[in-house]
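S.K.: My questions all concern the structure below.
The values are calculated or read from the model by the stated rules, or taken from the named source; none is laboratory data. Everything numeric here is computed off the predicted structure, so don't read it as measured data. A quick note on method: Cβ atoms are made from the backbone with ideal geometry, for glycine too, and the neighbour counts reach across all protein chains shown.
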Amino acid sequence: MLKITSYGDVTRIDLARTLAGRGRYWTTAYAVDGMLIDTGCAHSAQELLAALADGPIFYIVNTHTHEDHIGANGLLQSRFPGLQILAHPLALPVLADPRHEQPLQLYRRVMWGWPEPSLGRPLADGDLIATGRYRFEVLHTPGHSSDHLCLFEREQGWLFSGDLFVGGQDRALRSDCDIWQIIASLERMAALPVRLLFPGSARVRDNAGEALRAKIAYLEQFGAAALALEKQGWRVPYIVRALCGGPMPIELITLGNFSRRWLIRSYLGKQKNAAL
């Protein structure tokens with residue numbers, strides 16, 4: 001399933017697997033001036049190709065290599081000769097061989113599917129991507145993943161944040177995320193003169209600076225509370241219950257890969273010790 005919304009020269013494309021006539025597990029791509037930022041999941045690849053059939057598309061920039069952001073890379077690269085795919089250097093092995101370099105738990109295969117291989121070129125922090133009308137600054141923003149990038153168009157004040165910024169108040173985290181890196185990356189973004197925030201899985205924000213600062217404040221306050229309880233001698237399960245509340249359905253669906261416990265462990269620097 002696919003939904004298209006325009007924000008001036010930026011086209012937002014919301015993509016999801018269609019189940020029982022409804023879109024499930026939505027993610028977002030953006031098209032602007034011949035550049036596509038992320039490509040959704042494998043289940044929606046054919047729909048994305050149809051939407052982009054008139055082109056032109058010269059570049060794909062992947063904010064990171066999670067399967068719901070690279071799922072149409074291979075199909076689009078095979079259909080648009082000369083299409084360049086750009087990503088962080090750490091992302092390139094995953095793009096080239098997703099099945100072996102990024103094994104997926106069952107829930108990820110069901111929700112988003114296996115991406116097809118694609119060939120990418122590296123982007124470094126501080127690089128510029130010039131399209132016909134715009135210049136996008138590449139910003140390495142680790143935390144959600146080690147290969148995560150954001151794109152900033154300074155003249156327009158556009159920030160494409162991938163999954164670095166997700167709205168709401170987090171009570172859970174993926175096992176491979178680093179919450180303190182997320183906060184540091186958000187602080188870097190909040191220092192920019194952002195006017196419009198285009199996230200990878202949340203609504204577009206025209207109060208970008210306020211939204212970023214509020215997110216940082218929430219995450220820092222939550223972390224301070226977790227550290228304070230640890231200092232008092234509380235163990236992880238009790239901190240989880242006190243700060244995150246009761247079990248969440250997503251924890252069952254993901255078999256614990258996305259959970260309250262991983263959020264607390266990340267704050268306490270205990271991600272590597274599953275027994276804590």
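S.K.: Being surrounded by fewer than 18 Cβ atoms within 10 Å (Cβ to Cβ), closer than 25 Å to Thr254 by Cβ and either at pLDDT 95 or above or aromatic (Phe, Trp, Tyr) (or both), is that true of even one residue in segment 119-127?
M.R.: no
S.K.: Hey, among the residues in segment 173-182 that are of a type outside the set (Phe, Trp, Tyr) and surrounded by fewer than 18 Cβ atoms within 10 Å (Cβ to Cβ), which one's nearest to Tyr218 (Cα to Cα)?
M.R.: Only one residue fits best here, namely Arg174.
S.K.: Go over the candidates Leu192, Leu212 one by one and state the one that is crowded, with 23+ Cβ neighbours inside 10 Å, touching a residue at least 24 places away in the same chain (Cβ under 8 Å) and touching a Leu at 6+ places or on another chain (Cβ under 8 Å).
M.R.: The unique qualifying residue is Leu212.
S.K.: Could you give me the residue pairs with C-beta distances under 6 Å whose first residue belongs to segment 248-266 and is in contact (Cβ under 8 Å) with a residue 60 or more places away in the chain, whose second residue is part of a helix (DSSP H, G or I) and not hydrophobic (A, V, I, L, M, F, W, C) wherever it lies, and which are 6+ apart or on separate chains?
M.R.: Taking only residues 6 or more apart or on different chains, the pairs are Ile253/Tyr107; Thr254/Tyr107; Ser259/Glu251.
S.K.: Output the residue which, of all residues in segment 181-238 that are hydroxyl-bearing (Ser, Thr, Tyr) and assigned to a helix (DSSP H, G or I), is farthest from the chain's Cα centre (by Cα).
M.R.: Tyr238
S.K.: Here are the criteria: (1) crowded, with 16+ Cβ neighbours inside 10 Å; (2) out of contact with any Ser or Thr (no Cβ under 6 Å at 6 or more places or on another chain); (3) farther than 16 Å from Ser145 by Cβ. Tell me which single one Leu104 does not satisfy.
M.R.: The one condition Leu104 does not meet is (3).
S.K.: Residues of segment 239-255 being of a type in the set (A, V, I, L, M, F, W, C), in a loop (DSSP other than H, G, I, E, B) and exposed (fewer than 14 other Cβ atoms within 10 Å of the Cβ), which ones?
M.R.: If the condition is that a residue be of a type in the set (A, V, I, L, M, F, W, C), in a loop (DSSP other than H, G, I, E, B) and exposed (fewer than 14 other Cβ atoms within 10 Å of the Cβ), then Leu255 is the only one that fits.
S.K.: Among the residues of segment 24-37, write down those that are more than 16 Å from Arg203 (Cα to Cα) and either part of a loop (DSSP other than H, G, I, E, B) or touching a Lys or Arg at 6+ places or on another chain (Cβ under 7 Å) (or both).
M.R.: Once the filter is applied, which keeps residues that are more than 16 Å from Arg203 (Cα to Cα) and either part of a loop (DSSP other than H, G, I, E, B) or touching a Lys or Arg at 6+ places or on another chain (Cβ under 7 Å) (or both), segment 24-37 yields Arg24, Asp33, Gly34.
S.K.: Scan segment 62-109 for residues that are in contact with a strand residue (DSSP E or B) (Cβ under 6 Å, 6 or more places away or on another chain), touching a residue at least 40 places away in the same chain (Cβ under 8 Å) and of a type in the set (A, V, I, L, M, F, W, C) and jot them down.
M.R.: Selection gives Leu86, Ala87.
S.K.: Can you tell me which residue in segment 110-137 is nearest to Gln77 (Cα to Cα), limited to those that are touching a residue at least 40 places away in the same chain (Cβ under 8 Å) and hydrophobic (A, V, I, L, M, F, W, C)?
M.R.: Leu119
S.K.: Something else about it: Could you list, in sequence order, the residues of segment 5-19 that are over 14 Å from Ala202 (Cα atoms) and assigned to a strand (DSSP E or B)?
M.R.: Within segment 5-19, Ser6, Tyr7, Val10, Thr11, Arg17, Thr18, Leu19 meet the criteria.
S.K.: So the check is Cβ under 6 Å with 6+ separation or different chains; which pairs have a first residue in segment 29-56 that's without any contact (Cβ under 8 Å) to a residue 40 or more places away in the chain and a second one that's outside any helix (DSSP H, G or I) and surrounded by fewer than 20 Cβ atoms within 10 Å (Cβ to Cβ)?
M.R.: Every condition considered, the pairs that remain are Ala31/Thr11; Pro56/Gly34.
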